[in-house]
Amino acid sequence: MYIGQNLRQTNPFEPEGELIKIEGDWFFKISNVDNMPPFFMSIVSDANHWMFIGSNGGLSAGRKDCNQALFPYYTVDKILETSEATGSKTILRVEVGGKSLLWEPFSVRTDSVYNTETNLYKSEYGNVVIFEQINHDLGLSFKYQWNSSNRFGFVRRATLSNLSETKKIVRVLDGIQNLVPYGVEADLQNSKSNLVDAYKKSELEKKYALGIYALSAIIVDRAEPSEALKATTVWSSGLSSPTYLLSSIQLESFRRGQHPAEESENKGEKGAYFLVDTLTLEGNQASAWHIVADVNQSMVGIRSLTQAMAQGDIIEQVDKDIQKGTNKLIQLCAAADGVQLTNDKRTIMRHFSNTMFNIMRGGIFDDNYQIEKADFLSYLQQANKAEFEKFQDQLNQWDELFSLEQLAANISSIPSVPIKRLATEYLPLKFSRRHGDPSRPWNWFSINTQNENDGSKILDYQGNWRDIFQNWEALAHAYPSFIEGMIFRFLNASTFDGYNPYRVTKDGFDWEIIEPHDPWSYIGYWGDHQIIYLLKFLEFIQKHFPGKLVNSLAENHF
């Protein structure tokens, strides 16, 4: 097959999987991933980041929930279909023999022009993904990777490598596009995206290579003040003297060989952050640079960021925070018995991944069997204010930190059935986040890991009924003494006639509101096919604590 007079290039090789080490870390590599149908991945974070990304590079990402997105939170089909217009975009002009050869890694625009090999890597801990394309005709490879940092946000590292012995001169345009500013909620983006574009405003603080993306005003149709006081920010490091672009408007002119003019301000257009520079790579030399983006940034936060930049070691700070997050991720998984050592590395990685996604759904206990009085009393007050106030003085006399065993002893002296029931149901879980996979319309989620004002820890869990109890079944093996609380939670969130709510949270449960014209609206789950979760809990408690189940049946706790 020819395109004009040129043979259409195709990759004849089948996809293959293997384990590989990169800079001391293990990754699973899929070679020739472009010969597979696009698939979806969830990239893990120790904090409140979420990222859903396709094997073709299309993605949605943000913090906490879908209303704090860096890239639009669309359904999976739209994310995969818009990979050319959202997220990473790279255009290269390579000088060869007096000609300028155009190459767009990972793009359908040039995928049949060159002999290329496309590979995908995901780290053993699930928090790093690398996209790599090797151009055998040009003797170049380009790769970029996504990491997350609790302090700095989303970190994208790009690397252009000269695989040949001869010097290469490459004009590079690289960056990210279709950025969502603060104040654009998912419903608004999905229903009125063109209107949203009209409110967008992008500014460049060149001294710090900092792009600031905001709304000219919060989008409302009421006669009231509606200033947008926060912004999405993007900055970069690694290129010597780049030209900065704040939109995708000039991409086509770059493809045609023109030199784009720097953009210091942009209004009424989708936000983007592109770097344009010329790289001279000697034989077997590589050049790398970083682009770092975050959402929900206040003026104070931006000032703090520029002060960190002024210290001069900003990328070192970023790398340290990424490593800190990786270490925390390992600790979280280890707390659920997710870290093991065998002679089979794939088995080790698979077990870690299974456990990680389990605790992402159901949560992990904060500090073994230790309970903080402040969080417990806050939970109790939220659950039953009247009973809490009745025994508040007695509750306040407890130690600031106590064990689950001590909780049972303390509660025995309080003559209140509701407080005894709620205390048994209390589960000090953290890290839980509904998976939020945008392929399913009911996956609204909120990742509550820290207080947005002071950064303090938040204990919280939430999930679909099945998500929670499926994953608690496994978690019980790591923390068997919490099994009674899990059973109480199940039974006290079920109706007498066998209905279960759709969602379970730390502060209660969420029944769907029936809307006659909404096919996704229903009362909840009918309990007949949910009873298996309760059965597994009952079998577990009988095995680990014989007789306890029988004693509970005589109490008025359900």
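Go through the stretch 532-537 residue by residue and turn each phi into a ³J(HN,Hα) via Karplus (6.51, -1.76, 1.60, θ = phi - 60°); whole Hz please, and just put x for glycine and proline.
4, 5, 5, 4, 5, 5
Calculate, in nm to one decimal, what Ser226 and Phe558 gain on full extension: separation in residues at 0.36 nm each, minus their alpha carbon distance. Can you show the working numbers first?
Values: separation 332, 0.36 × 332 = 119.52 nm, distance 4.75 nm.
Full-extension gain reported as 114.8 nm.
Quick one: putting +1 on the C-beta of Lys and Arg, -1 on the C-beta of Asp and Glu, what dipole do you get for the chain around its Cα centre, in Debye to the nearest 20?
In total the dipole reaches around 740 debye.
Relative contact order (percent) for the chain, with alpha-carbon contacts under 8 angstrom and 6 or more residues of separation?
Here the relative contact order equals 12 percent.
For Thr159 and Ser191, what does the FRET efficiency come to when R0 = 41 Å and r is the distance between their Cβ atoms, rounded to the nearest 0.05?
0.60
What whole-number value in cubic angstrom gives the convex hull volume per residue for the C-alpha atoms of the stretch 85-228?
Taking only Cα atoms, the stretch 85-228 has a hull volume of 182 Å³ per residue.
Mind listing the Cα extents of the stretch 182-305 along all three principal axes, in Å, largest one first?
Principal-axis extents of the stretch 182-305 (Cα, largest first): 61, 36, 23 Å.
Using 0.36 nm per residue, how much length does the chain from Lys324 to Lys345 gain when fully extended, once their Cα-Cα distance is taken away?
5.2 nm
Taking every pair of Cα atoms in the stretch 275-366, average 1/r, invert it to obtain the Kirkwood radius, and report Rg/Rh to two decimals.
1.13
What FRET efficiency would be calculated for the residue pair Ser216, Ile3, taking the C-beta separation as r and a Förster radius of 45 Å, to the nearest 0.05?
0.55
Of Phe490, Ser456, Phe13, which is farthest on the positive side of the dipole of the chain, counting Cα position, with +1 on Lys and Arg Cβ, -1 on Asp and Glu Cβ, and the Cα centre as origin?
Positive-end residue among those listed: Phe13.
Along Cα→Cβ, 7 Å out, is where each label goes; now give me the distance between the ones at Glu282 and Asp437 in nm to one decimal.
5.0
Write down the Kirkwood hydrodynamic radius of the stretch 2-332, to one decimal in angstroms, obtained as one divided by the mean of 1/r over all alpha carbon pairs.
One over the average 1/r among Cα pairs gives 20.6 Å for the stretch 2-332.
Compare the peptides 323-329, 421-427, 94-100, 84-90 by average per-residue count of other Cβ atoms within 10 angstrom and give them in order, highest first. Walk me through the numbers before you get to the answer.
Working: 323-329: 16.4, 421-427: 22.3, 94-100: 11.1, 84-90: 20.7.
Highest-to-lowest ranking by the protection proxy: 421-427, 84-90, 323-329, 94-100.
Apply the Karplus curve 6.51 cos²θ - 1.76 cosθ + 1.60, θ = phi - 60°, to the phi angles in the stretch 125-131 and return the couplings in whole Hz, x for Gly and Pro.
Once θ is set to phi - 60°, the couplings for the stretch 125-131 become 8, x, 10, 9, 10, 10, 10 Hz.
When the gyration tensor of the stretch 107-163 is built from Cα positions, what are the square roots of 5 times its three eigenvalues, in whole Å, from largest to smallest?
26, 11, 10
Over 25 Å between Cα atoms: which of Lys207/Lys324; Lys192/Lys270; Lys21/Lys143 fall into that group?
Values: Lys207/Lys324 29 Å; Lys192/Lys270 13 Å; Lys21/Lys143 16 Å.
Lys207/Lys324, as the Cα separations exceed 25 Å there.
Calculate, in nm to one decimal, what Asn368 and Ile22 gain on full extension: separation in residues at 0.36 nm each, minus their alpha carbon distance.
Full extension of this stretch gives 121.2 nm more.
In whole Å, what three semi-axes, largest first, describe the equivalent ellipsoid of the stretch 267-315 built from its Cα gyration tensor (square root of 5 times each eigenvalue)?
Equivalent ellipsoid semi-axes, largest first: 28, 19, 8 Å.
Please work out the Cα center distance from the stretch 99-130 to the stretch 227-291, rounded to the nearest Å.
19
If I take all pairs of Cα atoms in the stretch 1-158, what percentage of them are more than 19 Å from each other?
The answer is 58 percent, as a whole percent.
Identify all lysines with a Cα-Cα distance to Lys230 below 16 Å; exclude those on the same chain that are fewer than 8 residues away in sequence.
Within the straight-line limit of under 16 Å, Lys230 reaches these lysines: Lys64, Lys200, Lys201.
Mean separation of Cα pairs under 8 Å and 6+ residues apart, divided by the residue count of the stretch 2-332: what relative contact order is that in percent?
With pairs under 8 Å counted, the relative contact order is 18 percent.
Suppose we look only past 44 Å in the calculated P(r) of the chain. What percent of the Cα-Cα pairs does that tail hold?
26
Leaving out same-chain residues fewer than 8 places away, which aspartates and glutamates sit with a Cα under 18 Å from that of Lys320?
Qualifying aspartates and glutamates at Cα under 18 Å: Glu23, Asp25, Asp46, Asp294.
With r as the distance between the Cβ atoms of Val300 and Trp444 and R0 = 30 Å, compute the FRET efficiency 1/(1 + (r/R0)^6) and round to 0.05.
The pair Trp444/Val300 has a calculated efficiency of 0.55.
For the ranges 531-539, 448-456, 154-162, what's the packing order if you count other beta-carbon atoms within 10 Å of each residue, average per peptide, and put the highest first?
Descending packing order for the listed peptides: 154-162, 531-539, 448-456.
Got a sec? Which residues in the stretch 482-505 would a label at Arg466 touch, if it sits 7 Å along Cα→Cβ and we count backbone N under 15 Å?
Flagged as within label range: 500-504.
Taking a label point 7 Å from the Cα of Ser240 along the Cα→Cβ vector, which residues of the stretch 261-280 have an amide N closer than 14 Å to it?
Counting only backbone N, you get 277-280.
Taking the number of other C-beta atoms within 10 Å as the exposure measure, put Arg466, Arg489, Arg222 in order starting with the fewest.
Sorted ascending by nearby Cβ count, the order is Arg222, Arg466, Arg489.
Report, please, the projected area of the stretch 340-392 averaged over directions, based on the convex hull of its C-alpha atoms, in nm². Please report the intermediate quantities before stating the final value.
Details: hull surface 20.3 nm².
Mean orientational projected area (the stretch 340-392, Cα hull): 5.1 nm².
Report the relative contact order of the stretch 195-262, percent, no decimals, based on alpha-carbon pairs under 8 angstrom and at least 6 residues apart.
25 percent.
Using mean Cβ contacts within 10 Å as the protection proxy, how do 229-238, 338-347 order, highest first? Display every interim value, and only then the final one.
Working: 229-238: 21.2, 338-347: 11.4.
Ranking, from highest mean packing down: 229-238, 338-347.
Rounded to whole Å and sorted largest first, what semi-axes of the equivalent ellipsoid does the C-alpha gyration tensor of the stretch 213-281 yield via the square root of 5 times each eigenvalue?
Each semi-axis is the square root of five times an eigenvalue, giving 32, 15, 7 Å.
Read-outs throughout are calculated quantities, based only on the coordinates presented, and are distinct from any laboratory measurement. Note that this is a predicted model, so its numbers are computed, not measured. Don't worry about glycine lacking a Cβ; one is built from the backbone with ideal geometry, like all the others, and counts go over all protein chains shown.
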